[in-house]
Amino acid sequence: MDTHIHHEHDELSAHAINWSAAIWSSVIAGLVFVALEVVMVPVFQGGSMWAPLHMIGAIAQGPSAMASPDTFDLTVVSTAVAVHMILAIVYGVILASLIQRLDTGMAVVGGALFGLALYFINFYGFTRWFPWFADTRDWISICTHIVQSETVSPRSQRLSTHRSVA
């Protein structure tokens, strides 16, 4: 019986989350998201590269952060980066805990589904409090959410503390 308990403990610890890896994977994925947004919005929609950051900054600063979305505003951009990184880490750690026991292929699929779910939560659920996100319910937002979560999933999983079970 004692051997069985130790084996179950070893099996669980073989798939333990490396929290540092999950957090750093989330930061990298968050930066990928921002980079894609500030490139894709002007290239494909002709909008300002700063507009996505003004929208994110407005989560903490309120709608006034949206007053001049075509301009660089250090306070708004700094706030946006801070808010986005916090959210990226929270969402990334949740995702890492969900995919920790999956193989890489399934982790990528799980990441894509998680990103799609986050898109719907962010752009349909949270618009009750942040209505300006309703204006950007589009393929770019779907794409960036999926890519962000797919960036977290295999990276976080690969950096997890997998140990061989004896």
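No value in this document is a laboratory result; all are computed from the given coordinates. All of these numbers come straight from a predicted model, not from anything done at the bench. No Cβ is skipped: glycine too gets one built from the backbone with ideal geometry, and neighbour counts run over all protein chains shown.
A few comments on the model shown:
- Taken over the range 45-97, the criterion of being touching a His at 6+ places or on another chain (Cβ under 6 Å) and surrounded by fewer than 17 Cβ atoms within 10 Å (Cβ to Cβ) is satisfied by 66 alone.
- Cβ-Cβ under 6 Å pairs, at least 6 apart or on other chains, the range 128-148 side touching a residue at least 24 places away in the same chain (Cβ under 8 Å), far side of a type in the set (D, E, K, R): 144/37
- In the range 22-46, the qualifying residues are those that are of a type in the set (Gly, Ala, Ser) and part of a helix (DSSP H, G or I), and the one that is nearest to residue 79 (Cα to Cα) is 30.
- Cβ separations smaller than 7 Å between residues 6+ apart or across chains give the following pairs from the range 54-67 residues that are under 16 Å from residue 126 (Cα atoms) to residues that are buried (at least 23 other Cβ atoms within 10 Å of the Cβ) and not small (Gly, Ala, Ser): 57/76; 61/76.
- Within the option set 123, 72, being more than 30 Å from residue 20 (Cβ to Cβ) and over 17 Å from the mean Cα position of the chain (by Cα) holds for one residue only, 72.
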